[in-house]
Amino acid sequence: MNVLVLNSGSSSLKFQVIATDLERIKQYQDDRICRGEVEDIGGEAIIRIQYRAEPSRTLTASLRDLPATLEYLVRYIASDQSGIHEIKSSTDIHAVGHRVVHGGEQFKESARIDDQVLKGIEDCIDLAPLHNPNNIKCITAAREIFGKDVPQVAVFDTAFHHTIPEQAYLYAVPYHLYRRHRVRRYGFHGTSHRYVAFRYRALRGLTRQQTNIITFHLGNGCSACAIKAGSSIDTSMGMTPLEGLVMGTRSGDLDPAIVGVIGRKEGMSASEVETLLNTQSGLLGVSGLTNDMRELQAELKEHDDRRVRLAIEIFCYRAKKYIGAFLAAMNGADAIVFTGGIGENSPDVRARICQGMEWAGLRLDAAKNQELIGREGLISTADSKLLAYAIPTDEELLIARDTVRVIEGVPHPS
Ligand code: ADP
């Protein structure tokens, strides 16, 4: 089954076509046909597409919105010009899997999209006003292009966290705010945490039940997840993706009174402060330079800039605090797993986060840590009691697999 996987943002669309089915899933023989992304939708868009191991191609086209982008993309993939032999027409795409950011309390697992599911995703717009509308646009556009006979599946960022217990998902605010407005922790990056947990247990030959780990997804957005007996029991992101770790442009945890203080002192409304905390803070806000960790590390090496150093130190210190918090929440764990652009590629950040954790039995192997960049493997020493792994995430693969499993009616392991 050729599954088109779509991950839509406000002005971007990431996509992959993955051939997979139940047998291939069992044999780990999913076949990635092509992948790419479209940026600057709404103007002169840039389309990058890579077919198997061939060099990536870059195209440009004037694409006014998401539906136009998807139509262009499907036409291009199916054209002779693309050279993608497996897809000769849009009928060679057999299913579509969508990353959907917010599934609220309703969606506890991936779901085949029908009118009722679409309505459910619409009901969650309130919870993710920046994300769910794009996901809905993308689903509607795919329905138009492929027709109702091509099954579509929604895979939710929040679903993996539905096992978090009440004591961890409720905030200590008047309870009626939960009843009236569903104010609670939902958590995000669920597909990524779930994928690396699955890889961890495959690497160690463990069962779900034996999986007790703390996962760190460190990308542009960052979150930590406490996974006990294979299930998420707590996570750092909250009702929105603003809470928790320091991120590229997001502050993460802060004293909630600061919102009022900034508002009064700077003459800003609550929603303006919220925007500032989401888009002007984090690594960018502290360094005053960039939200990009790689650039910050290069800058630190070259100029040893104080604010750049501070941004990196705050980022790592705050991540480290979550190891302590989650070790306590879980009554101990067996491993820490790093993933996401930073977690996969930055030995320096991993080392800073794990520094001084010998008391908890965690010892990084400096050479292994340095060596494992963009590859999966163990980065702790042989005598480390708390293990550490770097595992590249693959949300698209999990979305393709869930799409198959939902269509075939096989319940997926969470
Ligand atoms: P997203 O969360 O948008 O999927 P990514 O997972 O691609 O983002 O992560 C992007 C982050 O990863 C950026 O801050 C980038 O600088 C960082 N990153 C990528 N490669 C490296 C590297 N070699 N060293 C340090 N940081 C890196």
Can we say G341 is within 22 Å of the chain's Cα centre (by Cα), within 16 Å of the ligand (Cβ to nearest atom), among the small types (G, A, S) and in a helix (DSSP H, G or I)?
yes
Filter region 249-275 down to the residues that are touching a helix residue (DSSP H, G or I) at 6+ places or on another chain (Cβ under 7 Å) and in a helix (DSSP H, G or I), then identify the one that is farthest from the ligand (Cβ to nearest atom).
G263
Only one of R264, R309, R318 that is touching a residue at least 60 places away in the same chain (Cβ under 8 Å) and out of contact with any strand residue (DSSP E or B) (no Cβ under 8 Å at 6 or more places or on another chain):
R318
Looking at (1) surrounded by 14 or more Cβ atoms within 10 Å (Cβ to Cβ); (2) under 23 Å from I136 (Cβ atoms); (3) of a type outside the set (G, A, S), which one does I25 not meet, given that it meets all the others?
(2)
Collect the residues in region 54-76 that are part of a helix (DSSP H, G or I), hydrophobic (A, V, I, L, M, F, W, C) and surrounded by fewer than 18 Cβ atoms within 10 Å (Cβ to Cβ), keeping them in residue-number order.
A68
With the requirement that a residue be touching a helix residue (DSSP H, G or I) at 6+ places or on another chain (Cβ under 6 Å) and either surrounded by fewer than 23 Cβ atoms within 10 Å (Cβ to Cβ) or assigned to a strand (DSSP E or B) (or both), what does region 370-386 give you?
Q370, I373, G374, L386
Residues located in region 392-414, provided they are of a type in the set (D, E) and within 16 Å of the ligand (Cβ to nearest atom)
D394, E395, E396
Filter region 349-364 for residues that are among the small types (G, A, S) and assigned to a loop (DSSP other than H, G, I, E, B); which is surrounded by the fewest Cβ atoms within 10 Å (Cβ to Cβ)?
G356
Can you name the number of the only condition in (1) under 30 Å from R24 (Cβ atoms); (2) more than 16 Å from the ligand (Cβ to nearest atom); (3) part of a helix (DSSP H, G or I) that Y389 fails?
(3)
Picked from region 77-102 (must be among the aliphatic types (A, V, I, L, M) and under 29 Å from P241 (Cβ atoms)), the residue surrounded by the most Cβ atoms within 10 Å (Cβ to Cβ) is V100
Find the helices (runs of 4 or more DSSP H) located wholly in region 127-207 whose residues include 2 or more that are farther than 28 Å from V74 by Cβ, and list them.
166-169, 175-181, 190-204
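Here, each number is a calculation from the coordinates, and none is a lab measurement. None of these values were measured; they are calculated from a predicted model. Quick reminder, even Gly has a Cβ in these numbers, built from the backbone with ideal geometry, and neighbours come from all protein chains shown.
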